[in-house]
Amino acid sequence: MASWLPVLRGLTPHGLRHGLQTWMDEDGIPEVLKTERMGHEMPGMHGVYGHVSPAMRADLKAALQERRGFATRAGPAQPPLHRPGAGQVPGVSATVR
């Protein structure tokens with residue numbers, strides 16, 4: 001059973017899912033990979049004919065590692081990377097693929 005209790009005050013697993021989706025959108029990750037990563041199914045023809053490639057997975061991995069590196073370098077004194085209503089993460093530019 002999933003727990004939706006806060007991990008830290010104001011931070012829930014559900015909120016982390018929103019952050020991940022936002023990061024993937026900012027990084028230009030293909031919809032078919034975002035859908036798979038979030039545990040959903042793609043509707044229509046894209047769901048039938050669209051497939052995730054190793055190159056797509058490599059791009060996602062690189063994008064997430066870049067964000068992790070930024071968070072690690074920033075240290076705990078920095079504000080959280082995802083805040084409801086916040087725009088982009090300072091110091092990290094979104095790349096369009």
*asked:* If R₀ is 35 angstrom, what is the calculated FRET efficiency for the pair residue 58 and residue 5, using the beta carbon separation as r and rounding to 0.05?
replied: 0.55
*Calculate one ³J(HN,Hα) per residue across region 27-38 by plugging θ = phi - 60° into the Karplus curve 6.51 cos²θ - 1.76 cosθ + 1.60, and present them in order as whole Hz with x for glycine and proline.*
8, x, 5, x, 4, 4, 6, 4, 4, 4, 4, 7
_Most to least packed among 21-31, 35-45 [average Cβ atoms within 10 Å]_ = 21-31, 35-45
*Pop a pseudo-label 7 angstrom from the Cα along the beta-carbon direction at both residue 48 and residue 20 and give the gap in nm to one decimal.*
2.9
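Each reported figure results from applying straightforward, stated rules to the coordinates on display, with no laboratory input. The model shown is predicted, which means the values in this text are computed figures rather than measured ones. Cβ atoms come from the backbone with ideal geometry, glycine included; neighbour counts cover every protein chain shown.
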